[in-house]
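In what follows, a structure is listed as structure tokens, so that the remarks can point back to it.
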Amino acid sequence: MNSDENSGDIPPLSTTEDSSPPPPPPPSPPSSVLIPNLPNEVSRTILSMIPYAHHARLKSISKSWKSALSSKSFLNNLLLHNRNSVICIFPQDPSISTPYLFDVNAVAWCPLPPMPCNPHVYGLCNFAAVPFGSHVYIIGGSVFDTRSFPINRPSSSSLVFRFNFRDFSWENRASMISPRGSFAYAVISNPGEIVVAGGGSRHLVFGAAGSRIRAVERYDVEEDRWEEMDPLPCFRAGCVGFVERGEREFRVVGGYSGSMTVSGVFPVDEYCRDAVVMGLEDGLWREVGDVWGDGENVRAGKIVVGDDDCGSPLVFMLDVNEIFRYEMSSNRWVYETCVPKRPPRGSAFGVVVVAGELYVLTHLYDDDFTESRRSRSYKKTGTMCFQIYNPKRKAWRTMVTKSPFTRRVDITSAVLSTIGL
């Protein structure tokens, strides 16, 4: 009776001859598919064509998109093709004011998270934003420290922070040996180093004060280590630096070395007329002479450094609305052009080199910010204008965009940096 009840409940065992073929492998889980009905390689190619300024919003669509856009291989592909020229704007202290990325190709803005905050210091300025690969390094600067005395005297900072564009995060790096702000720096791609020279403790609150140093250091990006080098021939701050001759020499131009007082009261800077060069192989400095001709007055405009299409350094100086170009062969500043449109009253110019072109930034309508701060300060107002100069064609063009900042940006104190992504 038990056999009758159990009959048919257990199917007979299958033999090898009449067994069906194994079932096909299960399809990939939906989370690993980037775009339905497309291979992932094709999908990654499509995603790589989207401007980098939109990547932060795209990462919230799905886990697969976030994983693909954050992968090291994906970002390396962007760096290899250099499809996105991005300007990074730090309007104030990046620990309290949100930095922004501006994609010049897509005319799009993207906010960055604030830098880690130190409760004992405030008012960071005159720092360097150094791009290196998929990172940007915030090095040094001048700050007010509540632990120092007197409390209203600025001091130099030796801290270094690194922002990772792959995962949108900040991290601490090794501090410099000598604290400094307003210094010269240059990136040496091979073997992967950052060289800093000179600097001091000057703060934007004080027009002509602060210390000056001669110290020179080299930072190993891979080892996260600083080491000292031979100092500058003289004290120098507010200078710029760049590498030349196939990254075999490091040149420092501009800046101020000393100060004097007018009527024994008002401090005035003594600007450097010469340039100095250090051989990166032997580490020795040499002076290369006066950068201004006989009878010429020293210009004290803002100097910016970039690269042209061939990778050679481009060095420009913006003095009021006149632009000078530094010629390395003759070691002279030469008049180049003049900015077509002057800034509005109460505003100033910001300048940066992007993909071999000079971008001059200013507020287009200064009154927009006054009205917005009175009535709707929480909304993004104002218009920014980029006047773009092409040194090859000797021609200007204009690009206008809506400002993402909730209040007016002091372009004079803002730090601008160019990143290729």
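The values are calculated or read from the model by the stated rules, or taken from the named source; none is laboratory data. Remember, it's a predicted structure, so these values are computed and weren't measured experimentally. All Cβ positions, even for glycine, are placed from backbone atoms using ideal geometry, and neighbour counts span all protein chains on display. Heavy atoms of the whole protein, side chains included, go into the accessibility calculation; ligands, DNA and RNA do not. Shrake-Rupley method; radii C 1.70, N 1.55, O 1.52, S 1.80 Å.
Seen from G254, the other residues with C-beta closer than 12 Å to its C-beta sum to a net charge of +2, counting Lys and Arg as +1 and Asp and Glu as -1. Ligands, DNA and RNA left out, the accessible area of segment 115-298 computed with a 1.4 Å probe is 50% carbon and sulfur. Convex hull volume per residue, computed on the Cα atoms of segment 115-298, equals 128 Å³.
Measuring against 25 Å, Cα to Cα, the residue pairs K341/K402; K72/K302; K72/K402 contain K72/K302; K72/K402 as the ones spanning a longer distance.
For a paramagnetic label modelled on F74 (point 7 Å from Cα along Cα→Cβ), amide N atoms under 17 Å away belong, within segment 151-190, to 164-169. Excluding ligands, DNA and RNA, the accessible surface per residue across segment 265-308 is 57 Å² with a 1.4 Å probe. Residues in segment 214-222 carry Karplus couplings, in order, of 10, 4, 10, 9, 10, 10, 8, 5, 6 Hz; the curve used is 6.51 cos²θ - 1.76 cosθ + 1.60 with θ = phi - 60°, and Gly or Pro positions show x.
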